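**Student:** Here it is, the structure, as structure tokens.
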Amino acid sequence: MPVTSPSKMTAPPSTTYKIVDVPEAYRDVIQQHGVAGAFVGPSERESPWVPFGPNAAIRHLHFDTRHNIFGNILWMKSAGVIGTHKHRGTVVMICLEGSARYLEYDWVAGPGDFIYETPGLIHTLVSDHPKGVKLFGWLQGPLEFYDDNGNFVETVDVWWFIHHYESYCREHGIPINKQLYL
Ligand SMILES: [Fe+2]
């Protein structure tokens, strides 16, 4: 394969499809105390789209109650607004489809674009795209939502997200997917 990068890194050293037994000094400790990884496939049974207001839905992917971290896809189904909110933690997002922006900033995120949000930011998410937007988000710490007059409405954190997911599953006879929980 031709070298396409000036990097000195030589990995990956193989193109062989083979599971390799790698040395691990603490295999027993990892087996006893480590946390398994997870996989969530595309079906509604693995994780449904849970309504979030009249024009949006959330597909929950991950709940980490140790660190108040939650991963999900936010889907705004057409052009619209998600309320003004304040972050108390850090957010990583990738736009998957459509587009989104914040009223407070001058950029527009399209498919593949990366968004990073930090504690203390206050902003108002909108989509101008006729098909709305799908945003993958990895969120740490609570968000506080405010109404149009700047009055505090609600804190949204990992407990809110778990309740949002589980209450919908109970109402619709969908089994709770343990893959979503760290
Ligand atoms: Fe935000």
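**Student:** Scan region 125-137 and tell me whether some residue there is open to solvent by 60 Å² or more (accessible area, probe 1.4 Å) and in contact with a Phe, Trp or Tyr (Cβ under 8 Å, 6 or more places away or on another chain).
**Tutor:** The answer is no; no qualifying residue exists.
**Student:** Which of the residues belonging to region 138-153 are open to solvent by 50 Å² or more (accessible area, probe 1.4 Å) and not in a loop (DSSP other than H, G, I, E, B)?
**Tutor:** Matches in region 138-153: 138, 140, 146, 152, 153.
**Student:** Mind checking which residues of region 107-124 are more than 11 Å from the ligand (Cβ to nearest atom) and open to solvent by less than 20 Å² (accessible area, probe 1.4 Å)?
**Tutor:** Residues satisfying the conditions are 109, 110.
**Student:** Can you pull out every residue in region 75-106 that is in contact with a strand residue (DSSP E or B) (Cβ under 6 Å, 6 or more places away or on another chain), away from the ligand (no atom under 13 Å from the Cβ) and part of a loop (DSSP other than H, G, I, E, B)?
**Tutor:** Hits for region 75-106 are 79, 99.
**Student:** Now a separate question. Return the pairs, sorted by first residue and then second, in which the second residue is open to solvent by 50 Å² or more (accessible area, probe 1.4 Å), the first residue lies in region 113-127 and is at positive phi, the beta carbons are less than 9 Å apart, and the residues are 6+ apart or on different chains.
**Tutor:** Cβ pairs passing all conditions: 120/88.
**Student:** Looking at the structure I just gave you, is residue 53 outside any strand (DSSP E or B) and open to solvent by less than 20 Å² (accessible area, probe 1.4 Å)?
**Tutor:** So residue 53 fails the test.
The values are calculated or read from the model by the stated rules, or taken from the named source; none is laboratory data. Since we're looking at a predicted model, the values are computed, not measured. Every residue, glycine among them, receives a Cβ derived from its backbone with ideal geometry; neighbour counts consider all protein chains shown. Quick note on the areas: whole protein, heavy atoms, side chains included, nothing else; ligands and nucleic acids left out. Shrake-Rupley method; radii C 1.70, N 1.55, O 1.52, S 1.80 Å.
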